[in-house]
Structures are given as C-alpha cells and as structure tokens.
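One structure below.
The values are calculated or read from the model by the stated rules, or taken from the named source; none is laboratory data. Since the model is a prediction, treat every value here as computed from it, not as a measurement. So basically every Cβ, Gly included, is an ideal-geometry build from the backbone, and we count neighbours across all protein chains shown. Ligands, DNA and RNA are excluded from the accessible area calculation, which covers all protein heavy atoms including side chains. Shrake-Rupley method; radii C 1.70, N 1.55, O 1.52, S 1.80 Å.
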Amino acid sequence: MLGSLTITEIDDLLKEQVTGRIGCCNEGKTYIVPINYVYQDGVIYGHSAAGKKIDMLRINPQVCFQVDVIKNITDWKSAILWGKFQEITEGEEMRQAMQAIIKHVMPAIESEDSHPSHGFTESESDIGTSIDLILYKISIDEKTGRFERPSQL
C-alpha cells in the first residue's frame with residue numbers, strides 16, 4: 001500500500017533519524033551528500049568541515065533535504081524538504097546547535113572506538129584551530145513524504 005505521510009509523520013521521521021541527505025545545486029551541477037543532523041523547532045541543524053557542499057551552499061543557499069527508513073522494498077517511508085541554508089556564526093546559537101547535534105547523534109554511535117568526524121572531538125579547544133567547524137541551519141519552506149507498507153489481509 002502506497003500513501004502520503006502527514007506533517008506529523010514527517011516531523012516524527014525527521015526527529016527519529018540522525019542521517020539524511022542534503023542536495024545542493026550550482027552552475028548546473030547537483031551534489032547530494034549524507035549528513036548527520038538534528039531536527040528541532042522546525043529547523044534542521046547540521047555541521048560540516050569546509051568543502052564542496054559548503055562552497056556550493058554559500059553560492060546558492062536553496063537546498064533539498066531527504067531522510068528515509070527502508071526496511072525493505074515494500075516497507076519504507078521517506079520525506080523530502082526544501083528550504084534555505086544559513087550559516088550559524090553567533091556564539092550562543094552555535095553552542096546550542098552543536099549541543100543539540102551531539103545529544104542527538106551520539107547515541108547512534110555503536111562502539112566506544114568509533115569517532116565521528118566534523119566537530120566531534122575529544123577537546124573543545126580543537127574546534128576552530130585543528131578543526132574548521134561550520135555550523136548551519138536549514139529553514140524549511142516545504143515538505144512532503146511518502147510511504148509503502150505491506151497490505152494487511
């Protein structure tokens with residue numbers, strides 16, 4: 001059975017997941033890459049090192065974001081959002097965003113030996129010196145979602 005997710009179901013999916021895909025476009029080239037994120041107060045917060053994604057988003061801040069849960073090819077749900085990228089540069093907002101991301105993502109790390117990249121560091125003093133941390137938010141303009149699940153007989 002195919003169907004559409006409600007806004008509440010989309011929000012729940014966004015809150016449950018820790019990894020989504022961000023799509024950006026510049027000069028006719030589209031770039032899609034997975035990110036760790038947190039969805040809070042109707043906004044997606046993410047972090048990154050400098051690179052292609054950030055370069056493209058700085059030029060064209062229009063973004064597409066996708067998140068899903070796929071149990072199998074007939075049991076899945078997916079949400080797609082469109083919005084605007086904005087770097088976070090104010091100290092208190094940066095601190096709150098990073099804390100929210102860490103709180104949301106860290107439980108998904110499976111072993112003590114695992115160490116995620118882009119700003120998760122053992123020493124806060126590394127951020128801004130040895131780690132070029134960029135925090136950003138995506139303000140959402142539009143969202144839609146679909147699902148498929150086996151029919152109940």
I need the full set of residues from the stretch 34-48 which are open to solvent by less than 30 Å² (accessible area, probe 1.4 Å) and either without any contact (Cβ under 8 Å) to a residue 24 or more places away in the chain or not hydroxyl-bearing (Ser, Thr, Tyr) (or both), in order please. Ile35, Val38, Val43, Ile44, Gly46, His47
Modelled with pLDDT of 95 or more and part of a strand (DSSP E or B): which single residue out of Leu81, Leu57, Leu14 fits that description? Leu81
Please identify the pairs in which a residue from the stretch 1-25 that is over 25 Å from Pro107 (Cα atoms) and open to solvent by 70 Å² or more (accessible area, probe 1.4 Å) has its Cβ atom under 6 Å from the Cβ atom of a residue that is outside any strand (DSSP E or B) and hydroxyl-bearing (Ser, Thr, Tyr), counting only partners at least 6 apart or on another chain. Met1/Ser151
If you take the residues of the stretch 61-78 that are of a type in the set (S, T, N, Q) and assigned to a strand (DSSP E or B), which of them is farthest from the chain's Cα centre (by Cα)? Asn72
Is the stretch 58-67 home to any residue that is over 22 Å from Glu148 (Cα atoms) and open to solvent by less than 40 Å² (accessible area, probe 1.4 Å)? yes
